[in-house]
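J.: A single structure is presented below for examination.
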Amino acid sequence: MDYITWTYFFRRLLMNPSYYELEGIEHENINRFLSSLVQKALFDLESSYCISVQENDVFAETPGKIASYYYLNHNTVRMFREELSEEASLPELLVILSNAHEYDELPVRHNEDQTNSDLAKKLPLEVNAHTFDSSNTKTHILLQAHFSRIQLPSTDYLTDTKSVLDQAIRILQALLDTVADQGWVVTALRIIQLMQMAIQGRWIHDNSLLTLPYITPNLLHCFSPSTGGTRKKGMPSIKGPVDNLPQLMSLCAGKFDVLNAFLDGELSRTHIDQIYQVLNQMPQIGVQFSVRGWWVNQGEKIVSISTEYKGKLCGISGILGP
């Protein structure tokens, strides 16, 4: 109560009481109004699992700390708590992300419900056909369009997509912290994949070579020796197709001629140079960790795992990037 009296809200309250439905500026009316305001705020936060109230003490709970750290509305973390599950699928997580309270104010302009309907027909995941005038449904559509790299119908949609993506990472980080607190490993890994998708602008099942600049689906055939390109250019040692980014990084490490053999004739020398620079800048990560736990009939045991990706990086699927 004392803190509120030092805020600009309190000054506005006294200057324009009717706007805030304050009956009068007498001391008793102000106290009753502020007490009701505080009680409602505490009730809302407790209903959203952000705090717990015990007698006269208020304790912050994990969802409340997450909401405060990532500057999220309490309704968002409440929705996380109620909608998340131990093995949520990627489409389910995309719906949860789109339903965040932070997207409630995304503008849906005149006749954009029809535009949303037309755009949804080009996307792989279905959306609710009765909610094309909803900000959250539009968010879902824009995210899918971003992953699919579909041309948007207007500059307004480009602006809206930027607005959606600007908030997506912090919301996903809050989502990740929420499931980590619950110990849900499968869901946590899928949220990390969704975060990669938002950053790379690709579906997680897309060929990782498509994350490189200027590489489009119609150029993927260039990375198969069956096309004859690498053999004609003096690279007969490349026998199998290059299926993913780690393989290409391994083959082209310090060897521009290899990349040029793949793409010469399809892209300009300048574009090939830029792709080569990107490949050289990508990190090759070494991971070391251990798992301690109890195994049936073996008792307590420590399993150490060491993975170092240097040189040949074949066999890694998914989208990789710096």
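J.: Counting only residues 5 or more places away or on other chains, whose amide H sits under 5 Å from the amide H of Ile51 once H atoms are built in the peptide plane?
T.: Answer set, sorted by chain and number: Glu46, Glu61.
J.: Right, here's the next one. I'd like the chymotrypsin sites (Phe, Trp or Tyr not before Pro) in region 1-86 restricted to DSSP loop residues with at most 16 other Cβ atoms within 10 Å, sorted by number.
T.: Values: sites: Tyr3, Trp6, Tyr8, Phe9, Phe10, Tyr19, Tyr20, Phe33, Phe43, Tyr49, Phe59, Tyr69, Tyr70, Tyr71, Phe80; in loops: Tyr3, Tyr19, Tyr20, Tyr49, Tyr71.
Answer by residue number: Tyr3, Tyr19, Tyr20, Tyr71.
J.: Can you tell me the 0 to 90 degree angle between the C-alpha axis of helix 74-83 and the longest principal axis of the chain, rounded to 10?
T.: Its long axis makes an angle of about 60 degrees.
J.: Moving to a separate point now. Would you kindly state how much longer the chain becomes between Val296 and Leu125 on full extension, computed as 0.36 nm times their sequence separation minus their alpha carbon distance, in nm to one decimal? Can you show the working numbers first?
T.: Values: separation 171, 0.36 × 171 = 61.56 nm, distance 4.15 nm.
Fully extending the segment from Val296 to Leu125 adds 57.4 nm.
J.: Taking all protein chains as present, what is the carbon and sulfur share of the accessible area of region 42-93, in % to the nearest whole number, probe 1.4 Å? Walk me through the numbers on the way to the answer.
T.: Details: 1490 of 3290 Å².
The nonpolar share, carbon plus sulfur, comes to 45 percent.
J.: What does the accessible area per residue of the chain come to in Å², with a 1.4 Å probe and no ligands, DNA or RNA counted?
T.: Numbers: 19370 Å² over 322 residues.
Ligands and nucleic acids excluded, the figure is 60 Å² per residue.
J.: Give a residue-ordered list of calculated ³J(HN,Hα) values for region 253-266 (Karplus: 6.51 cos²θ - 1.76 cosθ + 1.60, θ = phi - 60°; whole Hz; x for Gly, Pro).
T.: Listing the rounded values in order: 4, x, 10, 5, 4, 5, 5, 5, 5, 5, 10, 4, x, 9 Hz.
J.: Rounding to the nearest 20 debye, state how big the charge dipole of region 1-149 is about its Cα centre with +1 on each Lys and Arg Cβ and -1 on each Asp and Glu Cβ.
T.: Values: 12 positive and 23 negative charges, 121 e Å.
With only Lys, Arg, Asp and Glu charged at Cβ, the dipole is about 580 debye.
J.: For region 17-147, what is the convex hull (Cα atoms) projected area averaged across all directions, in square nanometres?
T.: For the Cα atoms of region 17-147, the hull's average projected area reads 11.7 nm².
J.: While we're here: Thinking of region 115-206 as a set of Cα atoms, what percent of all their pairs are more than 19 Å apart? Intermediate results must be reported in sequence, preceding the final value.
T.: Values: 1843 of 4186 pairs.
It works out to 44 percent of all Cα pairs.
J.: Ordering Glu46, Glu23 by how much accessible area each has at a 1.4 Å probe, largest first, what is the list?
T.: Details: Glu46 80, Glu23 160 Å².
Sorted descending by solvent-accessible area, the residues read Glu23, Glu46.
J.: Can you tell which of Ser36, Ser52, Ser98 shows the greatest fluctuation in a Gaussian network model of the chain with Cα springs below 10 Å?
T.: Ser36
J.: On to the next question. Expressed in nm², what is the orientationally averaged projection area of the convex hull enclosing the Cα positions of region 6-59?
T.: 4.6
J.: I've got another one for you. Any idea what diffusion coefficient the chain gets from Stokes-Einstein, in µm²/s, Kirkwood Rh on alpha carbon pairs, 10 °C, 1.306 mPa s? Display every interim value, and only then the final one.
T.: Working: Rh = 24.1 Å.
Answer, rounded: 66 µm²/s.
J.: Another question about this same structure. Check the chain and count each lysine pair with an alpha-carbon distance under 14 angstrom, considering only pairs eight or more places apart or from different chains. Don't skip to the answer; put the middle values down first.
T.: Details: Lys121/Lys138; Lys122/Lys138; Lys138/Lys162; Lys233/Lys255; Lys255/Lys312.
Taking the chain as the scope, the lysine pair count is 5.
The values are calculated or read from the model by the stated rules, or taken from the named source; none is laboratory data. Nothing here was measured: the structure is a model prediction, and the numbers come from that model. Note that we place each Cβ from the backbone using ideal geometry, even for glycine, and neighbour counts take in every protein chain shown. Each accessible area value is taken on the protein alone, full model and side chains, heavy atoms only, with ligands, DNA and RNA left out. Shrake-Rupley method; radii C 1.70, N 1.55, O 1.52, S 1.80 Å.
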